[in-house]
């Protein structure tokens, strides 16, 4: 099945390394660069095409930012809607984001968005959230208030449940006294 071919493991390279390979290929040639750095010639050609983006990227970054928003106007307005809802204390779910996006896509404002092209899939929603740094987890801000007659309820609860002396601690002395007498008896029997 393998026909004697050695499979190479996929690896990613930093932008600084890619630029170094491109410069070497410009001085010599692509084949020399592939032998020098042990990479595929196709990669060298791809990096030469993307030289300007590689120069603009941070040197330690490995991936080119190739994917951008498909519908930038719609996504910008949708992002503003999500942020506004979250600031007002509403919880926004992925389903709500998708439904709102579909609803907005039918608006005349977004003429570039064709309803047949835009489906607002779960994958689109995930990418939208990643692009804009959205996280749907939210802390609860509104706590339940305690009743005014809380202390009275605490005092009457044992009587309602027919529990006598459960909370006043009067039975604790008897329990601790029994333990001390047993341990004293054990000490006397040992000696």
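Treat the count of other C-beta atoms within 10 Å as a stand-in for reagent exposure and order 159, 127, 137 from fewest to most.
By the 10 Å Cβ count, ascending: 137, 159, 127.
Want the number for residue 119 to residue 155: 0.36 nm per residue separation, take away the alpha-carbon distance, what's left? Could the numbers behind the result be given before it?
Numbers: separation 36, 0.36 × 36 = 12.96 nm, distance 5.96 nm.
Result: 7.0 nm gained on full extension.
Ranked by Cβ crowding within 10 angstrom, fewest neighbours first, how are 18, 49 ordered?
Arranged by neighbour count, lowest to highest, 18, 49 become 49, 18.
Just subtract the alpha-carbon distance of residue 12 and residue 27 from 0.36 nm times their residue separation and send over the number in nm, one decimal. All intermediate terms of the calculation are to be shown ahead of the outcome.
Numbers: separation 15, 0.36 × 15 = 5.40 nm, distance 2.35 nm.
In short, 3.0 nm is gained.
Quick one: 70, 12, 121, fewest Cβ neighbours within 10 Å first, how do they rank?
12, 121, 70
Between residue 108 and residue 45, take the C-beta separation as r, use R0 = 41 Å, and let me know the FRET efficiency to the nearest 0.05.
Numbers: r = 44 Å, r/R0 = 1.08.
Efficiency, rounded to the nearest 0.05: 0.40.
Which whole number in µm²/s is D for the range 72-132 by Stokes-Einstein, with the Kirkwood Rh taken over Cα pairs at 4 °C and 1.567 mPa s? Please list the in-between numbers first.
Values: Rh = 11.9 Å.
Answer, rounded: 109 µm²/s.
For residue 127 and residue 20 in one chain, what is 0.36 nm times their gap in residues minus the Cα-Cα distance, to one decimal in nm?
My answer for the length gained is 35.4 nm.
Rg and Dmax of the range 15-56 over Cα atoms: what are they, in angstrom?
9.0, 27
Set the Förster distance to 45 Å, then compute FRET efficiency between residue 86 and residue 148 from the Cβ-Cβ distance, nearest 0.05. Write out the running numbers ahead of the final one.
Working: r = 32 Å, r/R0 = 0.72.
So the FRET efficiency works out to roughly 0.90.
Read the figures in this text as sums done on the coordinates, not as results from a lab. Bear in mind that the values here come from a model prediction, so they are computed numbers and not experimental data. Please note: Cβ atoms are built from the backbone with ideal geometry, for glycine as well, and neighbour counts cover all protein chains shown.
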